[in-house]
Amino acid sequence: MVDQWAGIRERVATLSVQSAGNEVFGALGHGWVLEEPLAEDGLAELEEQIGVRLPEEYRTFLLHVAAGGAGPAYGLFPVRRTQGRWRWEGDGVDLADLSLLAEPFPEQGPDPKALEELLAQRPEEEDFDEIENFDDAVEAWDEQWDAVMFAPERTAGAIVICHLGCALREWLIISGSHRGTVWADSRVDDVDLKPLLDDDGKPVTFARWYTDWLERAEHTVMATSPDV
């Protein structure tokens, strides 16, 4: 499994010096910089703190490529040790409850019928005479919606690994039957989490997620850069 990461750092470094590197979506966010890999003892301490062994593809990436940095969208969120504790850093990482990482990721999300009924109750401005009353109704409805869609239990056993902007994110499942796969989070658009699927309809694992991005980035740079 380590062999699949051979040459990855070098390929990213090559892209970093190409004039067309910034044509790749999100490159201005991560700047083509990869952090240093984790040491074995650091990874062991991280896994001890969260109470679960990370999926093999991800943990070998951490050991042999980087702790985070250049990657899909605005980059792979880094995991860092701060004041003796390990944590992931990036936009939205606090959505993941680190105390629940050893719990299995839920097999099912919220009941679709219940979500449909709740969406039908969303306040409409034209139904209110006063804007203050409308704002109060929206705030109350948002609290109900967030309690269902953003409950910590919904993302037990998962970590946020990147963001695509506009509150769209992607998660890596680290516990349960979906362990090792990457899921899209479009809850900001009222859509529950869904697994990323390849062209054959199979769930995308971490290695496929990262290497597919790298291949697309190389294609973009080669197609637009006079340097290659």
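The values are calculated or read from the model by the stated rules, or taken from the named source; none is laboratory data. Just so you know, these numbers come straight off a predicted model, no measurement behind them. Cβ sites come from the backbone with ideal geometry, for glycine too, and all protein chains shown count toward neighbours.
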Which of the residues belonging to region 64-95 are assigned to a strand (DSSP E or B) and free of Cβ contacts under 8 Å to residues at least 12 places away in the same chain? THR82, ARG87
Just one listed residue, out of GLY75, GLY71, GLY31, is within 17 Å of ALA217 (Cα to Cα), assigned by TED's automatic domain parsing to the domain that holds ASP212, at pLDDT 95 or above and surrounded by fewer than 16 Cβ atoms within 10 Å (Cβ to Cβ), and it is GLY31
VAL12 being at pLDDT below 95, hydrophobic (A, V, I, L, M, F, W, C) and assigned by TED's automatic domain parsing to the domain that holds LEU100: no
So ASP135, is it at pLDDT 95 or above and assigned to a helix (DSSP H, G or I): yes
Only one of ARG59, ARG87 is of a type in the set (D, E, K, R), touching a Leu at 6+ places or on another chain (Cβ under 8 Å) and closer than 21 Å to ALA6 by Cβ, namely ARG59
Tell me which residues, restricted to region 189-210, are assigned to a helix (DSSP H, G or I) and buried (at least 17 other Cβ atoms within 10 Å of the Cβ). PHE206, ALA207, ARG208, TRP209, TYR210
Return only the number of the condition from (1) under 15 Å from ARG85 (Cβ atoms); (2) part of a loop (DSSP other than H, G, I, E, B) that LEU46 does not satisfy. (2)
Give the residue, chosen from ALA96, ALA137, ALA102, that is within 18 Å of VAL52 (Cα to Cα), more than 17 Å from the chain's Cα centre (by Cα) and surrounded by 12 or more Cβ atoms within 10 Å (Cβ to Cβ). ALA102
How many of the residues making up region 150-184 are in contact (Cβ under 8 Å) with a residue 40 or more places away in the chain, in contact with a strand residue (DSSP E or B) (Cβ under 8 Å, 6 or more places away or on another chain) and not in a loop (DSSP other than H, G, I, E, B)? 13
With without any contact (Cβ under 8 Å) to a residue 60 or more places away in the chain and either in a loop (DSSP other than H, G, I, E, B) or under 22 Å from ASP185 (Cβ atoms) (or both) as the only criterion, which of PHE105, PHE61, PHE25 stands out? PHE25
Does GLY51 satisfy the condition of being modelled with pLDDT of 95 or more, surrounded by fewer than 17 Cβ atoms within 10 Å (Cβ to Cβ), touching a helix residue (DSSP H, G or I) at 6+ places or on another chain (Cβ under 9 Å) and of a type outside the set (A, V, I, L, M, F, W, C)? yes
Subset of region 28-43 (residues that are touching a residue at least 12 places away in the same chain (Cβ under 8 Å) and in a helix (DSSP H, G or I)): GLY29, HIS30, GLU40, GLY42, LEU43
Filtered residues of region 117-130 (kept if part of a helix (DSSP H, G or I), surrounded by 10 or more Cβ atoms within 10 Å (Cβ to Cβ) and of a type in the set (D, E, K, R)): GLU117, GLU125
Could you tell me whether any residue of region 1-12 is touching a helix residue (DSSP H, G or I) at 6+ places or on another chain (Cβ under 6 Å), acidic (Asp, Glu), over 26 Å from HIS178 (Cβ atoms) and surrounded by fewer than 21 Cβ atoms within 10 Å (Cβ to Cβ)? no
